[in-house]
Amino acid sequence: MTRTGSTPPDAHLSPRQVAAAFYASYNADLAAGFERYIAKDLALHGFDGPDERSAWIAGDLELKAALTGYRLDVLDQIAEGPKVVTRWRLGGVHTGTILGIPPSGHEVHLSGISIDRIADGQSVEHWSEGNFGRFLQLLRGENA
């Protein structure tokens with residue numbers, strides 16, 4: 001993948017430091033985290049969901065806004081070369097609409113594993129897999 005534009009300010013960080021900073025932004029300014037650590041020409045894979053950077057950003061911002069007490073915890077992070085594997089869990093109380101699903105008032109959690117390939121201080125390729133089906137059930141109040 002050919003990178004375009006100037007070198008990001010965090011190009012001196014190790015791949016693990018970049019990934020750690022990006023996932024930490026989920027508990028702070030997520031929009032700024034995407035802007036700083038996710039390449040504009042990102043290759044995105046996983047969840048049978050968004051395959052464009054803008055859709056990923058919009059979905060995660062909607063999720064964060066709809067969960068009161070929202071928090072993402074990094075459970076494990078392993079780096080080898082330019083790739084960083086992150087096992088994470090996020091959740092909160094479902095108080096806003098998510099994917100057209102009205103608030104249930106239930107505490108919900110989504111967990112998964114993501115792999116980021118880092119170049120020049122940004123993720124240029126991202127894979128994710130997780131328990132999204134179970135998460136949707138919890139949002140709908142099924143088996144809660």
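Descriptive notes on the structure:
- Among (1) at pLDDT 95 or above; (2) surrounded by 15 or more Cβ atoms within 10 Å (Cβ to Cβ); (3) in a strand (DSSP E or B), the one test that Ala21 misses: (3)
- All of (1) crowded, with 19+ Cβ neighbours inside 10 Å; (2) not in a helix (DSSP H, G or I) hold for Glu142 with one exception: (1).
- Cβ-Cβ under 9 Å pairs, at least 6 apart or on other chains, region 37-65 side more than 23 Å from Ala119 (Cα to Cα) and of a type in the set (Lys, Arg), far side assigned to a strand (DSSP E or B) and modelled with pLDDT of 90 or more: Lys64/Tyr70; Lys64/Leu72; Lys64/Leu90; Lys64/Gly92
- One residue from Gly96, Gly121 being within 18 Å of Ala20 (Cβ to Cβ) and buried (at least 16 other Cβ atoms within 10 Å of the Cβ): Gly121
- Exactly one residue among Ser128, Ser114 is among the hydroxyl-bearing types (Ser, Thr, Tyr), buried (at least 16 other Cβ atoms within 10 Å of the Cβ) and touching a Phe, Trp or Tyr at 6+ places or on another chain (Cβ under 6 Å), and that residue is Ser128.
- Residues in region 25-79 that are in contact with a Ser or Thr (Cβ under 8 Å, 6 or more places away or on another chain), small (Gly, Ala, Ser) and under 21 Å from Phe135 (Cα atoms): Gly46, Ala66.
- Here Gly69, Gly96 are screened, and the one residue that is part of a loop (DSSP other than H, G, I, E, B) and either touching a residue at least 24 places away in the same chain (Cβ under 8 Å) or among the β-branched types (Val, Ile, Thr) (or both) is Gly96.
- Test: Val84 is in a strand (DSSP E or B) and closer than 18 Å to Tyr37 by Cα: yes
- Among the candidates Leu61, Leu75, residue that is modelled with pLDDT of 95 or more, surrounded by fewer than 14 Cβ atoms within 10 Å (Cβ to Cβ), within 11 Å of the chain's Cα centre (by Cα) and not small (Gly, Ala, Ser): Leu61
- In the condition set (1) under 14 Å from the mean Cα position of the chain (by Cα); (2) assigned to a strand (DSSP E or B); (3) surrounded by fewer than 16 Cβ atoms within 10 Å (Cβ to Cβ); (4) touching a residue at least 24 places away in the same chain (Cβ under 8 Å), Arg89 is compliant with all but (4).
- Matching residues, region 104-127, being touching a residue at least 24 places away in the same chain (Cβ under 8 Å), out of contact with any helix residue (DSSP H, G or I) (no Cβ under 9 Å at 6 or more places or on another chain) and not in a strand (DSSP E or B): Asp120
The values are calculated or read from the model by the stated rules, or taken from the named source; none is laboratory data. The model shown is predicted, which means the values in this text are computed figures rather than measured ones. All Cβ positions, glycine included, derive from the backbone under ideal geometry; neighbour counts span all protein chains shown.
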